[in-house]
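Notes for the one structure printed next.
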Amino acid sequence: MWADSREALVDLDLASCDRVLDVGCGTGELTRVCREESDADVVGLDADAGLLSSVPGQTVRGDATRLPFDTDSFDLVVCQALLINLPDPVAAVREFARVATDRVAAVEPNNGAVTVRSTVDSEPRLARRARERFLDGVDTDVELGADAADVFEAAGLDVVSTRRYDQELRVEPPYGDGAVRAARRKATGEGLATDRETILDGETTPEEYDALREQWREMGRDVVDQMRTDDYERRETVPFFVTVGRV
């Protein structure tokens, strides 16, 4: 993300910050952007020590709902694709506001509005069906992005702005190793197998899951065939929403 444009981050006012906290930083994607766009001390926090090992600079292991920092420790507290995975995002944002002196920001997707275009005719339809069945089994609000302002208001923040940023993921020749591995996972049904438990936590029956996985594997074989002749192309668009609130 953010390779093509960072305009949606303008209201974070990164250049004016002295200290920034990136909560749920993962491998540090947004952490690096914050460091590139400011002279601030940027701290990355995550509960997973393994992910933190790949984040350069200062990092802290911790819980997003119990931040190990004093009140008013940072000018800005920000997160990316975190709130959609939390059972109580309002509680997390309240904790962000506790340690922030000025602003809190969240970069969150609406995973229910993801779109796929593909040279394999069946892929957009099957991708949509698989996503709907997966999301039906998830117990957090994976569509939160567009409504993050409501979470901020419930946490007592004044909403400054919400800006949309569309992340476009492209697969086209020449294909990288990651694209080749993804195609093979489709052809074997490995990806859907990983998601089986979550899908069955929704209203999907085992029989419906098995039928979907067989169609998915057939689609994957078509992907592999097109890649052999350099004819396969895919565009996935994920809408993200950058919401900024003032403490």
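The values are calculated or read from the model by the stated rules, or taken from the named source; none is laboratory data. No experiment lies behind these values; they were computed from the predicted model shown. Cβ sites come from the backbone with ideal geometry, for glycine too, and all protein chains shown count toward neighbours. We work out accessible area using only protein heavy atoms, side chains counted, and drop any ligands, DNA or RNA first. Shrake-Rupley method; radii C 1.70, N 1.55, O 1.52, S 1.80 Å.
What to note about this one:
- With the convex hull constructed from alpha-carbon coordinates only, the chain shows a mean projected area of 13.4 nm² over all directions.
- Dipole magnitude (debye, nearest 20) for the chain, charges at Cβ of Lys, Arg, Asp, Glu: 520
- Dividing the radius of gyration of the alpha carbons in segment 41-122 by their Kirkwood radius gives 1.09 for Rg/Rh.
- When +1 charges are put on Lys and Arg Cβ atoms and -1 charges on Asp and Glu Cβ atoms, the dipole computed for segment 105-241 relative to its Cα centre reaches about 620 debye.
- Among Q226, Q167, Q80, the residue with the largest mean-square fluctuation in a Gaussian network model of the chain, with springs joining Cα atoms closer than 10 Å, is Q226.
- Assuming charge only on the beta carbon of Lys and Arg (+1) and of Asp and Glu (-1), the dipole of segment 1-111 about its Cα centre is about 300 debye to the nearest 20.
- Antiparallel bridges, percent of DSSP beta bridges restricted to the chain (to nearest 5): 60
- An ellipsoid equivalent to segment 105-214, defined through the eigenvalues of its Cα gyration tensor, has semi-axes of 30, 20, 11 Å when rounded to whole angstrom and sorted largest first.
- If the Kirkwood radius is taken over C-alpha pairs of segment 161-220, then at 37 °C and 0.692 mPa s the Stokes-Einstein diffusion coefficient equals 242 µm²/s.
- For segment 63-82 versus segment 12-46, the gap between their alpha-carbon centres in whole angstrom: 11
- Accessible surface, segment 158-247, averaged per residue in Å² (probe 1.4 Å): 58
- Ligands, DNA and RNA left out, the 1.4 Å accessible surface of the chain is 42% carbon and sulfur atoms.
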